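Every read-out reported here was derived from the displayed coordinates using simple, explicitly stated rules and does not represent laboratory data. Please read all numbers here as calculations on a predicted model, not as lab measurements. Please note: Cβ atoms are built from the backbone with ideal geometry, for glycine as well, and neighbour counts cover all protein chains shown.
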Amino acid sequence: MGKTVRDHLVDTLDELAQDGFKRFKTKLNVFPVKAGYSNIPRGQLEKADVLDVCDKLISFYREKYAVEVTVEVLTAINERELADRLRKATGTGSGGEGQQPGPSDGATGKGESGHFVDRYRVQLIERTAPVDPILDLLHGDVLDEEQYQTIRSGNTNQEKMRKLYLLMPSWNKKCKDRFYEALKAKNKFLIEDLEGN
């Protein structure tokens, strides 16, 4: 079994000393990313461990670009050897193993790298507010009464979104499309921000 991109990222960041990891997180927060992407908020990085940071890298940038960002940030903090090792391990620039090809079809949120609501899971959980109007739009169509009440019982918007995402493995594309449309109707600016419009 070949290692996944996430495995390579974890292995690489595990090599950093504590102060090196701290510098990596500080630099990552201000690193100039490509148009259409946003920086991982400092608050999400401050207490994050290696596994959290790797999850956020993939969530924010998807696999291929996550490797590019990691390599460039490592280079910027003078960890060139690690950067080179990661580049070789993942075959960055030559479609390395475990990477999903194809550009993001951001406008519809249905690129080859998975549905918009899957790609931006972390951001949608962190930033969607309020959640109840979205649940109202999904009620009856995507969510049954019991699911609707269970999710609404969450104390915070993040908790409600996490409960909603727990149901998602059983959804088909049509359900995800409905969720995307509901998000767009009630959180237009958040969706535009994530899509980089």
Among all the lysines, which ones have a C-alpha under 22 Å from LYS64's C-alpha, if same-chain residues fewer than 8 places away are not counted?
LYS3, LYS25, LYS27, LYS34, LYS56, LYS88, LYS110
Put one equal scatterer on each alpha carbon of the range 5-90, apply the Debye formula with no solvent term, and list log10 I(q)/I(0) at q = 0.13, 0.14, 0.23, 0.25 1/Å to two decimals.
-0.33, -0.39, -1.18, -1.45
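Sorting VAL30, VAL73, VAL5 on the 10 Å Cβ count, fewest up front, what's the list?
VAL30, VAL73, VAL5
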Gyration tensor (alpha-carbon) shape descriptor, the chain, a/c threshold 1.5
prolate
Summed residue charge, Cβ within 15 Å of PHE60's Cβ, Lys/Arg positive, Asp/Glu negative:
+2
Note down the net charge around GLY43, summing +1 for each Lys or Arg and -1 for each Asp or Glu among other residues with Cβ under 13 Å from its Cβ.
+2
Gain on full stretching of the segment that runs from SER153 to PHE189 - 0.36 nm per residue minus C-alpha separation:
10.4 nm
Most exposed to least, judged by fewest other Cβ atoms within 10 Å, GLU81, GLU63, GLU15 sort to GLU81, GLU15, GLU63
Lysine pairs in the range 116-195 with alpha-carbon atoms under 16 Å apart, 8 or more places apart or on different chains: how many are there?
5
For n ≥ 4 DSSP H runs only, could you compute -39500 (n - 2.57) per run for the chain, divide by its residues and tell me the 222 nm figure to the nearest 500?
-18500 deg cm²/dmol
